[in-house]
1. Given 65, 120, which one is over 30 Å from residue 192 (Cα atoms) and either under 14 Å from the mean Cα position of the chain (by Cα) or part of a strand (DSSP E or B) (or both)?
2. So which residues in the stretch 205-243 are surrounded by fewer than 18 Cβ atoms within 10 Å (Cβ to Cβ) and either over 30 Å from residue 166 (Cα atoms) or in contact with a helix residue (DSSP H, G or I) (Cβ under 9 Å, 6 or more places away or on another chain) (or both), if there are any at all?
3. Would you mind finding the one in 90, 83, 144 that is surrounded by 14 or more Cβ atoms within 10 Å (Cβ to Cβ) and modelled with pLDDT of 95 or more?
4. Given 96, 153, which one is buried (at least 19 other Cβ atoms within 10 Å of the Cβ) and in contact (Cβ under 8 Å) with a residue 24 or more places away in the chain?
5. Against the definition (assigned to a helix (DSSP H, G or I) and either modelled with pLDDT under 95 or exposed (fewer than 14 other Cβ atoms within 10 Å of the Cβ) (or both)), how does residue 50 come out, yes or no?
6. Can you pull out every residue in the stretch 123-138 that is surrounded by 16 or more Cβ atoms within 10 Å (Cβ to Cβ) and either part of a loop (DSSP other than H, G, I, E, B) or touching a helix residue (DSSP H, G or I) at 6+ places or on another chain (Cβ under 9 Å) (or both)?
7. Give the residue, chosen from 243, 197, that is at positive phi and at pLDDT 95 or above.
């Protein structure tokens, strides 16, 4: 007769020891993994990308413009003004004048960037109504009695330019120089009147093409928006006119010419496509 088999039962204290050994093993493994992770080099975050100026833009501008003109008047030999009077009137009718007015308009252009060098082309059109003028009424004719007024005026209504730009970009800042062709229309007048009733004038209107140079600084305060400050100097050829002074008992030819310079200081806001 065989005896029943009984499985030996482990003492309770052996079960507790096994559990503690297992927990210790897990803890050591976790600490080893953390230590290895701490020894690994940290990956540096990617460097920020520098702003790129390449692209086209459209914007508006506004500021102040100053027009200046140097004008000459000539009175020819005739039957009304005689002796030294033609030279006196011509000298008093010659001079210079300037005027400062608000200017405003818009611009359109494109830029191309290579490393830190930026090259661009821009066209702009601004409303600019100026009237640089002078009138001399402090002299008399040779008789010492007859007072007269001689003067000139040159009026503009707009200023437009087409200009390459080139400069250096430092991330979101762009400093540049510029130069090109300038366009405007001049309305020119030279005039004379005296106390004896003589009057005379000569006028001409002419579209002018001149040159322009300048410099500026532009800042990209957002990915598609830039703010700029700019100075431009433009110069135009002379506008000439001829007419006649008609007075009691005679007349004299009257002619004159005036050149034009425009300086602009303005701010601009552009949207970059």
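The values are calculated or read from the model by the stated rules, or taken from the named source; none is laboratory data. Quick caveat, the model's predicted, so the values are computed rather than measured. Cβ: placed from backbone, ideal geometry, glycine included. Neighbour counts: every protein chain shown.
1. Working: 65 fails: over 30 Å from residue 192 (Cα atoms).
Step by step, each of 65, 120 is checked, and only 120 is over 30 Å from residue 192 (Cα atoms) and either under 14 Å from the mean Cα position of the chain (by Cα) or part of a strand (DSSP E or B) (or both).
2. 205, 206, 240, 242, listed by residue number.
3. Numbers: 83 fails: surrounded by 14 or more Cβ atoms within 10 Å (Cβ to Cβ); 144 fails: surrounded by 14 or more Cβ atoms within 10 Å (Cβ to Cβ).
Result of the check over 90, 83, 144: 90.
4. Working: 96 fails: buried (at least 19 other Cβ atoms within 10 Å of the Cβ).
Within the list 96, 153, the selection yields 153.
5. Details: assigned to a helix (DSSP H, G or I): no; either modelled with pLDDT under 95 or exposed (fewer than 14 other Cβ atoms within 10 Å of the Cβ) (or both): yes.
Against the criterion (assigned to a helix (DSSP H, G or I) and either modelled with pLDDT under 95 or exposed (fewer than 14 other Cβ atoms within 10 Å of the Cβ) (or both)), residue 50 does not qualify.
6. Answer for the stretch 123-138, where residues must be surrounded by 16 or more Cβ atoms within 10 Å (Cβ to Cβ) and either part of a loop (DSSP other than H, G, I, E, B) or touching a helix residue (DSSP H, G or I) at 6+ places or on another chain (Cβ under 9 Å) (or both): just 136.
7. On the way: 243 fails: at positive phi.
Criteria check complete, one pass: 197.
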